[in-house]
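> After the structure tokens below, expect a handful of questions from me.
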Amino acid sequence: MMKNSVMLLLGIETSCDDTAAAVVRDGRTALSNVTTNQDQFHEKFGGIVPEIASRQHLTLLTATIQDALERANIGLADLDGIAVTTGPGLVGSLVIGVASAKALAYAARKPLYGVNHLHGHLFAPFIETGVEPVYPFLALLVSGGHSQLVRVASPIDLRVVARTRDDAAGEAFDKTARLLGLPFPGGPAIDRLARDGDPQAIAFPRHRAERGSLDMSFSGIKTAVKYFLDSPAGHAAKTADVAASFQAAVVDVLIDRLDRAAARESYAAVVLSGGVAANSALRGAFYAWSQRTGVPAQIPHLRFCTDNAAMIAAAADRQGDAVRCNASSLAADPSLPFCTFR
Ligand code: KG4
Ligand code: ZN
């Protein structure tokens, strides 16, 4: 039912503002991984403009897929299937990837797999690392759109055990970067600047979980940075100190919730994933937590942390028939699994 003989998959990812295609063997080896970044088109707006993102996907996707196939040195006929992100994401962006994947699958008579973008992130740590998932694992999934803790008991048995009540961690990085006058996307900019700052310079508030809850919140930290910057102390502060102190507050909240979730149920491993998994302070704190507790930790290579298509193929390979869908109808297909977490 789950893993069948699918071996060589083309992955397509257009859920947000990255146009991506990749060829992956066995869900583990990326023969190619092409991500065409759209940042230059969104930068001047300080955030992603959905209409621009979908138009750029339309312009860039065909060449991106061709590039992925060429770099992997294979043709469409060699593929065992096509995997595409079906949600969650910007609807106008998703439609471009889904329509392209359906057309290719139909024309080349290949199976089509519809993948939940978040599931893609969860399997990114197992690409090019030689590490196999051990179940159940606890994933700390932190991206621009989501912050969740997910219990993964098998590739198709996933349960969200905690989520953010407001901003996602990546969103907090992006909004705080804007307050600091840093370029978009803000996460990498804060990460770089924070290396020259003191994480203890300013004691920004940490969200405390209510009794019995594992939920997190990041909008308070962002607002605290805003008030601080408007105060006399803020005018005098070094930007690097503000960046480092903000980053430390976010990391503290994430590690606190990881710690609480791991105390509630037992796990064979912990996984860090999503764009914010690229953050150097978070990676360090995550490994430190793993060392302290003895629970093995797995983090994706940097190139598989932020949105990419290899992770979509990797998830499809593991989820197999559970996410197979119908390519024969080019009309909107109600069978497409816009699969959400339980
Ligand atoms: O997973 P992703 O590429 O897209 C979504 O699915 O949302 O994540 C993008 C997010 C952005 O908010 C970006 O600022 C953040 O990941 N990010 C980082 C770093 N690199 C990317 N945040 C903190 N530190 C980084 N080094
Ligand atoms: Zn993502």
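> Here are some residues: 62, 35. Which one is outside any helix (DSSP H, G or I) and polar (S, T, N, Q)?
Sole residue among the options that is outside any helix (DSSP H, G or I) and polar (S, T, N, Q): 35.
> When residues of region 213-253 are filtered for being outside any helix (DSSP H, G or I), touching a strand residue (DSSP E or B) at 6+ places or on another chain (Cβ under 7 Å) and under 24 Å from residue 188 (Cβ atoms), how many remain?
Selection size over region 213-253: 3.
Residue-wise test of (1) of a type in the set (D, E, K, R); (2) more than 16 Å from ligand 1 (Cβ to nearest atom); (3) open to solvent by 20 Å² or more (accessible area, probe 1.4 Å); (4) modelled with pLDDT under 95.
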{"site": "286", "(1), (2), (3), (4)": "no, no, no, no"}
{"site": "291", "(1), (2), (3), (4)": "no, yes, yes, no"}
{"site": "298", "(1), (2), (3), (4)": "no, yes, yes, no"}
{"site": "305", "(1), (2), (3), (4)": "no, no, no, no"}
{"site": "312", "(1), (2), (3), (4)": "no, no, no, no"}
{"site": "315", "(1), (2), (3), (4)": "no, no, no, no"}
{"site": "320", "(1), (2), (3), (4)": "no, yes, no, yes"}
{"site": "326", "(1), (2), (3), (4)": "no, yes, yes, yes"}
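> Could you tell me whether region 56-67 includes any residue that is over 25 Å from residue 187 (Cα atoms), open to solvent by 30 Å² or more (accessible area, probe 1.4 Å), in contact (Cβ under 8 Å) with a residue 40 or more places away in the chain and not aliphatic (A, V, I, L, M)?
yes
> Across region 229-276, which residue is surrounded by the most Cβ atoms within 10 Å (Cβ to Cβ) among those that are away from ligand 2 (no atom under 16 Å from the Cβ) and hydroxyl-bearing (Ser, Thr, Tyr)?
Among them, the one singled out is 245.
> Sticking with this structure for a sec: Show the residue pairs that are 6+ apart or on different chains and have beta-carbon atoms under 7 Å apart, the first residue being within region 184-206 and farther than 22 Å from residue 41 by Cα, the second being of a type in the set (Ser, Thr, Tyr) and near ligand 1 (Cβ under 8 Å from one of its atoms).
So the pair list comes out as 191/280.
> In addition: What pairs come out if I take residues in region 233-262 that are under 19 Å from residue 286 (Cβ atoms) and pair them with residues that are modelled with pLDDT under 95 and of a type in the set (A, V, I, L, M) whose C-beta lies under 7 Å away, six or more apart or interchain?
What qualifies is 257/209; 260/209.
> Which pairs turn up if I take residues in region 109-122 that are of a type in the set (A, V, I, L, M, F, W, C) and look for partners that are within 12 Å of ligand 1 (Cβ to nearest atom) and open to solvent by 10 Å² or more (accessible area, probe 1.4 Å) with beta carbon separation below 7 Å, at least 6 apart in sequence or on another chain?
118/146
> Can you tell me which residue among 47, 92 is under 21 Å from the mean Cα position of the chain (by Cα) and not in a helix (DSSP H, G or I)?
47
> For region 259-300, what are the residues that are more than 29 Å from residue 192 (Cβ to Cβ) and assigned to a strand (DSSP E or B)?
Within region 259-300, just 269 meets the criteria.
> Give the residues of region 101-132 that are touching a Pro at 6+ places or on another chain (Cβ under 8 Å) and either small (Gly, Ala, Ser) or away from ligand 1 (no atom under 16 Å from the Cβ) (or both), sorted by residue number.
105, 114, 124, 126, 129, 131
The values are calculated or read from the model by the stated rules, or taken from the named source; none is laboratory data. Computed from a predicted structure; not experimentally measured. Counting neighbours? That spans all protein chains shown, and the Cβs are built from the backbone with ideal geometry, glycine included. All accessible areas refer to the heavy atoms of the entire protein, side chains included, with ligands and DNA or RNA removed. Shrake-Rupley method; radii C 1.70, N 1.55, O 1.52, S 1.80 Å.
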